[in-house]
Structures are given as structure tokens and as C-alpha cells.
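Note sheet for the following structure.
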Amino acid sequence: MTLALGHEARLARAGSAGRELAELVGDATSFAARLHTAFADLAEPEYRIGQERVAPGIGPTHGVRLPYQAALRRALTKATRDDSPANLVLVADRLLREPELEARWLAMAIIERTVLTDPERSWQLIRRAAAEADDWITVDTLAHPAGKGILHQPHRWEELEQLTISPSRWERRLVGSTIATMPFVDRRAGRAREVTSKALPLLGLLMGDHEPDVQKALAWAYRSMALVDLVATIAALDAEAMTALETGDGHRAWVVRDTLVKLPPDDAARIRERLAGIRRRAGGPSTSPAAELATRFAGMGLGRAMPEPPLR
């Protein structure tokens, strides 16, 4: 009973903090300071230890459980429904400079709103956050505003294409995780057939990437695309499986194999049989078209993001 009351009390405290923060949207510095106090109050040391187990190497966090972060975020969103996008963007900009990741994750939730109303400045923040990300939780959180922004402005697919040749595995992972989230951040636009016509070629550029963090996002993305256009996704996976068979590419085979759960049983069995015996080899180099392109233009700065100018 005590645990339940403790949980409810924390939820109430988080909601109250979100409403208080709404009053500070016009002052980003004060907002960040109050948020730091709120998260410190909601933190649990044992949860911080758990975060390190789930995401080894994760940066500084307060150790705030997801339900309390969500309660604060919901209250803030409700209370700032009519606030100026310009002020919200400045708050997000300030939070992305906080050392603790919970503040940055809240910034990304704010950007998911402003990317529709102030897209240019929001994309500045998305690019900066992508360049600074160094754990999978942050990357997959950032995928939500990136996906929503691309669906809102289709020319933004170019943002993902540029990341395929990034030297950062986290930026390359963002390609897969953004595509993976699209059918869920917007269940209408994200499930249009046009999405797969853009997404599948981008995923193909990264197939063969040697980084497990990238491979996991690619498999996640193919599973999501199977919800959007099953026929096209099966055709793409068939082609990748054939390449893996012909070249003995274990990186590629792992991604295809990890996708099969979302395919019809007959298609999954056919592809699985084709991949029999093809396994990843530790330390094996990337075989992806994107890696080949990055190597070809090494030293020319291709794939390296330019520093984003300050927001104005």
C-alpha cells in the first residue's frame, strides 16, 4: 500500500511541476532551473543504476522513471497548448544544453510540437541533438520529432539521406529509428505507401553496416515498413537476403533475419532458409553502400555536420 501511495504521490508531484513550468515558458533559463529541481525531486538512485544497465555508457541522468517524466510532460503540454512556438523553441534550445538527459528528452517532446509550427528552427535543434547524441535512448527519442517533421515536410527526407554517411553510428541509427517511428507518430501520413518508396531505398543504403546499434534500428524500421506496404518490404528483404547469400554478408543477414517475425510464415521461411549458416563475424567491416560512399569521399568532410548557428 505504501508503494502505491508513493507512486501516486510522485505522479501528482510531477504533474504539479509540469503546470508550474508552464508559467516559465517565457524565461528559458528559469524554466531549466525549475525543471532541474523537479527532476532532482523525482529521482530514484536505483532507477539511475537500471538506466546504466539498459543503456551502457549513457550520459548523466537524474534517474527519473518514465511514468513521472510522462506525467510532467503531459501537464506541461496541456498548460502550454496556446503558448507561442517561438518561446517553446527557445525553451527546447535551452534544455538541450542541460547535462542530464531527462531535460534533453523533454526538449525533444517539445520539438515534436514545434516542428510543425516553427520547422526551420526546430530542425536546427534536431540536427544539433543528433550530432550530440551518444546513446540509443536519446536517438530513439529524437526519432519522434524527426519523423513527424519529415511527414509534415517531405523534402526533409534529405535530412536522413545525409545521415547515412555520417561517421557517427548514432546519427546512422537515427535513420532507421526515424523510419521505424513514422507509422506511429502520424498514423495517417506515416502509413501512406509513399513512405516506403522513400524509406526502403534509404534503409538499403545502410544495409551491411557493421554497428549493432545501427543494425537493430534497421530491423526495427523494416518491421514498421511491413505495416505500411508488406509487398514492397518483402521484395526489399528478398533482395537483401540474396545479396547476403551471394556475398556471405553476416551484417546484412542479421538485419533481415531479425525482421522475419513480421512477415507471413511462408515468406519468412523462404528467406530464413536462404540465410541459413550466414552469421555476423565480430570485427567485420561495413559492407553498406553508404560506407562505400563515405570511404570514397573520406577527407572531404562528407557526412560531417556543420555546427548549427545560434537560434534567433
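Helical content alone sets the calculated 222 nm signal of the chain at -22500 deg cm²/dmol, taking -39,500 (n - 2.57) per DSSP H segment of four or more residues and averaging over every residue.
Rounded to the nearest 10 square angstrom, VAL54 shows an accessible area of 90 square angstrom against a 1.4 Å probe. At each listed q (0.14 Å⁻¹), what is the log10 of I(q)/I(0) that the Debye formula gives for the range 248-295 modelled as equal alpha-carbon point scatterers? Treating every Cα as an identical point scatterer, log10 I(q)/I(0) equals -0.41. What lysines could a cross-link reach from LYS78, if we take a straight Cα to Cα line under 28 Å and drop same-chain neighbours fewer than 8 places away? Within the straight-line cut-off, LYS78 pairs with LYS148.
A 1.4 Å probe run over the chain, with the rest of the protein chains in place, finds 48 Å² accessible per residue. When the trypsin sites (Lys or Arg not before Pro) in the range 1-97 are filtered for DSSP coil states and for at most 14 other beta-carbon atoms within 10 Å of their beta-carbon, the remaining sites are ARG81, ARG97. 3J(HN,Hα) couplings calculated from phi for the range 38-44 with the Karplus curve 6.51 cos²θ - 1.76 cosθ + 1.60 (θ = phi - 60°) are, in sequence order, 5, 5, 4, 5, 8, 5, 9 Hz; Gly and Pro show x.
Packing, as the average of other Cβ atoms within 10 Å across residues, places the peptides 87-93, 40-46 in the order 87-93, 40-46, highest first. Split the accessible area of the chain by element, probe 1.4 Å, and carbon with sulfur accounts for 55%. For the residues TYR68, TYR47, a 1.4 Å probe over the protein chains yields an accessible-area ranking, largest first, of TYR47, TYR68. Measuring r between the beta carbons of LEU66 and ALA298 and using R0 = 45 Å, the FRET efficiency lands at 0.65.
The values are calculated or read from the model by the stated rules, or taken from the named source; none is laboratory data. Source: prediction; values computed, not measured. Because the Cβ atoms are built from the backbone with ideal geometry, glycine has one as well, and the counts that use them run over all protein chains shown. These area figures cover heavy atoms from the full protein model, side chains too; ligands, DNA and RNA do not enter into them. Shrake-Rupley method; radii C 1.70, N 1.55, O 1.52, S 1.80 Å.
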